[in-house]
Amino acid sequence: MFVPPSHIGLLNLSACRSCQPHSPGLKETLIADMDGHTAGEPVDMNAVAVVSRRGWNAVEARDRTEMKNPAQTVIVHHTALRYCAHPPDSVSQLAHIQHMHMQERGFDDIGYNFLISGDGMVYEGRGWGVVGAHAKEHNFNSVGIAFMGNFNDELPSSASLSALLRLLHIGVLHGYVQPNFVLVGHRDVAKTECPGKNVYALLPKLRDQLQNQ
């Protein structure tokens, strides 16, 4: 059983409040909004636009395992690859990551549940309710979300951080993530620099924002 480090603590989003509206910035053909909103409509913490697997031309997974319960832990990663902030670059990079995970590492699919680009777009990896391959020994009770880039070098954009907060709110709202989930960086559960020092340094602030929504 995973016991969070003492500096992490638990989050409870069972009584979250909505934040200011946000307008997605991607063509409608790529949008698969999780609450039925059309691209360009104002959305708040109760909605987030996600580019579906079909939208970025994902290869079909070899296999998938459903999670038995809502995720107890959200593990934040970085891809440690090229920074992406435009849809064409992001889609190209997603195809590269999926190929690397499936062909070089032998995964059944891209390892992450979701990925977030610098422009604040969320891309569906394995998606909600599916066991990922992103943190050994912790995949069966967690959701893995990766920022696209190397955040030992880059600084995460405010748009990408906002997208993470809204995505997690939706995960709780729809029962995919437990309200008292633990938010950690990959380095908290494995010997790695992931999610990069610049993302990791912001996790305490993100926990505070999640708690106060």
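Would you mind counting up the charge near Asn150? Only other residues with Cβ under 12 Å from its Cβ, with Lys and Arg at +1 and Asp and Glu at -1. Working shown, then result.
Working: positive: Arg82, Lys197; negative: Asp153, Glu154, Glu193.
Computed value for this residue: -1.
Kindly report the accessible area of the range 70-212 per residue (heavy atoms of protein chains, probe 1.4 Å, no ligands, DNA or RNA), in Å².
Values: 5400 Å² over 143 residues.
Ligands and nucleic acids excluded, the figure is 38 Å² per residue.
Sorted by average packing, counted as other Cβ atoms within 10 angstrom per residue and highest first, what order do 57-64, 136-143 take?
136-143, 57-64
Mind listing the long-range amide H neighbours of Leu183? Cut-off is under 5 Å, sequence gap 5 or more, other chains count too, H placed in the peptide plane at 1.01 Å from N.
Result for Leu183 returns Leu11, Val74.
Amide H of Phe147: which non-local residues (sequence gap of 5 or more, or other chain) have their own amide H closer than 5 Å, using H built in the peptide plane?
Amide H neighbours of Phe147: His77, His78, Thr79, Ile116.
I'd like the Karplus ³J(HN,Hα) series for the range 176-189: coefficients 6.51, -1.76, 1.60, θ = phi - 60°, whole numbers in Hz, and an x wherever there's a Gly or Pro.
Each residue of the range 176-189 in turn: 8, 10, 5, x, 9, 5, 9, 9, 9, x, 3, 5, 6, 10 Hz.
All other residues with a Cβ under 11 Å from the Cβ of Ala85 taken together, and with Lys, Arg as +1 and Asp, Glu as -1, what is their net charge? Before the final figure, lay out the partial values.
On the way: positive: Arg82; negative: Asp89, Asp119, Glu154.
Taking every other residue near Ala85 into account, the sum is -2.
Cα convex hull of the range 70-212: mean projected area in nm², to one decimal? Please report the intermediate quantities before stating the final value.
Working: hull surface 30.3 nm².
Value for the range 70-212: 7.6 nm².
Multiply the residue separation of Asn69 and Glu104 by 0.36 nm, subtract the distance between their alpha-carbon atoms, and state the gained length in nm to one decimal. Spell out each step's value before the answer.
Numbers: separation 35, 0.36 × 35 = 12.60 nm, distance 2.98 nm.
Extra length available between Asn69 and Glu104 comes to 9.6 nm.
What figure, in Å² to the nearest 10, do you get for the accessible area of Lys205 with a 1.4 Å probe and non-protein molecules left out?
Roll a 1.4 Å probe over it and Lys205 shows about 120 Å².
Calculate what fraction, in whole %, of the accessible area of the range 94-213 sits on carbon and sulfur atoms when a 1.4 Å probe is rolled over the protein chains.
Values: 2160 of 4510 Å².
Summing carbon and sulfur atoms, their accessible area is 48 percent of the total for the range 94-213.
For the range 70-212, what's the relative contact order in percent, using C-alpha pairs closer than 8 Å and at least 6 residues apart? If you can, show how the numbers build up before the last one.
Working: 270 pairs, mean separation 47.5, N = 143.
Worked out over the range 70-212, it gives 33 percent.
The values are calculated or read from the model by the stated rules, or taken from the named source; none is laboratory data. As the structure is a computational prediction, the values presented were derived from the model and not from experiment. Virtual Cβ from ideal backbone geometry, glycine too; neighbours counted across all protein chains shown. Please note that ligands, DNA and RNA were not included when accessible areas were found on the heavy atoms of the full protein model with its side chains. Shrake-Rupley method; radii C 1.70, N 1.55, O 1.52, S 1.80 Å.
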